[in-house]
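Quick notes on the structure that follows.
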Amino acid sequence: MLANAQDPTLETFQNDVWWIVLIKLLGVFVILLLLTLFTINYERKVVARMAVRPGPNQVGPKGWLQSLSDGMKLPFKEEIIPKTADKVVYFIAPVISATVAFTAFSVIPFGPVVSMFGHKTALQLTDVPVSVLVLLACSSMAVYGVVLAGWASGSTYPLLGGLRSSAQMISYEVAMGLSIVAVFMTAGTMSTSQIVAAQAGSDPSTVEILGRNPTPPSWYAVLLLPSFIIYCISAVGETNRAPFDLPEAESELVGGFHTEYSSFKFALFFLAEYINMITVSAFATTLFLGGWRAPWPITIWEDANSGWFPLIWWLGKVLLLLFGFIWLRATLPRMRYDQFMRFGWKVLIPVNLVWILFLAGVRVTNTRVDGNARWLVYLVAAVLVLGIALLWPASKKARVYSIEEQLAARPPGSFPVPPMDLQVPPSPRARRAVAERQPATVGGTNPSPDDTSDKEV
């Protein structure tokens with residue numbers, strides 16, 4: 001499985017010559033631009049297919065150049081700047097969002113060590129011992145672009161959209177950060193290249209069940225399934241995508257924090273949104289899906305994880321996760337804002353904390369307890385958790401009173417209540433008798449002039 005896979009180390013990036021670094025920097029920039037153009041059209045076509053309608057099909061072969069034409073058109077559109085806007089901050093906000101989105105991709109590994117113009121280099125721009133913290137810092141800085149865009153526009157709706165978006169991003173960034181803690185604990189490092197190397201395979205001697213040593217799964221998406229699920233939910237909330245696109249709820253806030261933006265500045269926000277989608281998908285691939293390593297059926301081939309082929313496996317995993325973003329948009333309705341925030345703070349974060357506590361207990365037990373005593377500890381812990389779950393006091397719901405009981409409890413002198421059956425009683429002052437209408441003739445014959453049975457009396 002690991003044949004011919006040369007994993008980079010931190011020393012690998014220190015030996016790169018300057019022009020190799022520039023080539024890789026240009027390569028990352030080009031890959032992000034091409035992936036953004038592809039993802040926009042990818043989303044349009046997938047949503048159109050799910051809605052059983054034609055998608056883009058006019059510009060280019062089968063419409064695949066539609067997003068390119070849109071990207072070329074936006075910078076040349078008329079730019080409208082509000083008079084009340086803070087011109088400096090109004091300009092800096094989209095630049096912050098786009099710059100941070102590009103910077104976050106600098107520590108994402110694309111592949112192993114390859115030969116580039118006679119030099120050995122890793123398919124990754126750079127790596128540091130705390131690369132994951134670099135990604136989290138970039139996602140935190142993206143909040144500034146959103147807040148400043150809403151405030152600098154000098155309008156009410158962008159300000160409300162910016163505050164709502166920043167609260168949403170900060171809330172779900174906490175859950176995302178906690179889901180990554182389990183990866184740190186398992187891999188023993190914060191370096192993205194080393195996390196990918198840690199998912200290369202597991203030593204069968206590290207796990208013992210009933211005297212046997214089975215091989216545990218190597219991908220953290222299986223080994224740390226709760227963390228992977230929480231990360232995926234948090235990533236959708238972090239990127240303001242449907243069904244969590246509440247800052248851009250058209251029925252409430254027009255277009256969100258970028259309502260007053262147009263032309264190239266709006267294109268930068270649009271670019272940053274899709275790059276953030278690609279970044280969180282690539283980050284999930286690195287942390288949970290083995291990074292650039294090939295999945296199981298392909299690993300039968302000896303050279304699957306060597307050379308430039310891992311770039312294909314990495315790209316396939318990223319596109320699969322991007323398809324999940326699009327699938328959610330075409331399937332689920334938008335959530336209510338209070339439900340969304342309650343779900344983040346009262347469900348995701350507590351579940352994440354309990355899972356981290358459980359994982360820490362398992363690791364301590366595996367290192368300090370031997371033999372059958374380890375299973376005794378697991379049994380006692382399971383019984384304790386089950387007992388707490390059964391004895392936990394259930395929240396009592398308030399009694400729901402019927403309409404008749406609510407009306408009876410009203411104090412005297414209250415405002416009159418309209419009829420509950422939605423039928424307006426006839427007025428006693430306007431008496432009129434309405435004759436019953438006879439059914440219409442089916443044959444289409446004209447009624448006789450003497451027939452007045454369908455007229456009002």
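The values are calculated or read from the model by the stated rules, or taken from the named source; none is laboratory data. Everything numeric in this text was worked out from a predicted model, so none of it was measured. So basically every Cβ, Gly included, is an ideal-geometry build from the backbone, and we count neighbours across all protein chains shown. Surface accessibility is based on the protein's heavy atoms, side chains included, excluding ligands, DNA and RNA. Shrake-Rupley method; radii C 1.70, N 1.55, O 1.52, S 1.80 Å.
Tabulated data
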read-out	value
Distance between modelled label sites at ALA137 and PHE76, nm, 7 Å Cα→Cβ extension	4.1
Projected label distance in nm at ARG49 and VAL385, using a 7 Å step from Cα toward the beta-carbon	3.9
Rough spin-label spacing in nm, given labels placed 7 Å along Cα→Cβ, for LEU332 and ILE300	3.6
Nearest-10 value in Å² for the accessible area of MET169, using the 1.4 Å probe	10
Set of lysines near LYS120 by C-alpha distance (under 24 Å), chain-local residues within fewer than 8 positions excluded	LYS24
By accessible area with a 1.4 Å probe, ligands and nucleic acids excluded, highest first: order of LYS396, LYS24	LYS396, LYS24
1.4 Å probe accessible area per residue over the range 45-103, in Å²	67
Cα gyration tensor shape of the range 1-139, rounded if a/c is under 1.5, else prolate or oblate by comparing a/b with b/c	oblate
Stretchable slack from TYR144 to SER262, in nm (0.36 nm times residue separation minus alpha-carbon distance)	40.6 nm
Sites VAL21 and LEU320, calculated FRET efficiency, Cβ-Cβ separation with R0 35 Å, nearest 0.05	0.70
Electrostatic dipole magnitude of the range 283-416 [Cβ: Lys, Arg +1; Asp, Glu -1; Cα centre; debye, to 20]	460
Ranking by accessible area, most exposed first, for HIS258, HIS119 with a 1.4 Å probe	HIS119, HIS258
